[in-house]
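Remarks on the structure that follows.
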């Protein structure tokens, strides 16, 4: 589900009060956090490949970013989910994960 669409639907429903909409969005965010933890467990057990985890992680990061930008009160929790995702991908057995596939920053052209 795309969070942008969910936010639009919640804001257009007259029966959804502010607190109820907030609870729904927080529930979705915590559900995504649970999926990240499940991904980490599957990676640790060798049940998920590095490529699949990185693909999943990219989708999760994009969706969480969209959710965080839609409501400021979600930003801190969404950031925690992204950090947990990055940590899980960096822990992948064999050293191949998010951190090993990220290009190194070359500062030599800036005199560093």
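The values are calculated or read from the model by the stated rules, or taken from the named source; none is laboratory data. Values in this document were obtained by computation on a predicted structure and should not be read as measured data. For neighbour counting, all protein chains shown are included, and Cβ atoms are generated from backbone atoms with ideal geometry for every residue, glycine included.
Return yes or no: is residue 46 at pLDDT below 90, outside any helix (DSSP H, G or I) and surrounded by fewer than 17 Cβ atoms within 10 Å (Cβ to Cβ)? Against the criterion (at pLDDT below 90, outside any helix (DSSP H, G or I) and surrounded by fewer than 17 Cβ atoms within 10 Å (Cβ to Cβ)), residue 46 does not qualify.
Out of curiosity, is residue 92 surrounded by 15 or more Cβ atoms within 10 Å (Cβ to Cβ), at pLDDT below 90 and in a helix (DSSP H, G or I)? No.
Scanning segment 49-60 for residues that are buried (at least 18 other Cβ atoms within 10 Å of the Cβ) and under 25 Å from residue 21 (Cα atoms) turns up just one, 60. Among the candidates 85, 98, the residue that is surrounded by 12 or more Cβ atoms within 10 Å (Cβ to Cβ), modelled with pLDDT of 90 or more and in contact with a helix residue (DSSP H, G or I) (Cβ under 6 Å, 6 or more places away or on another chain) is uniquely 85.
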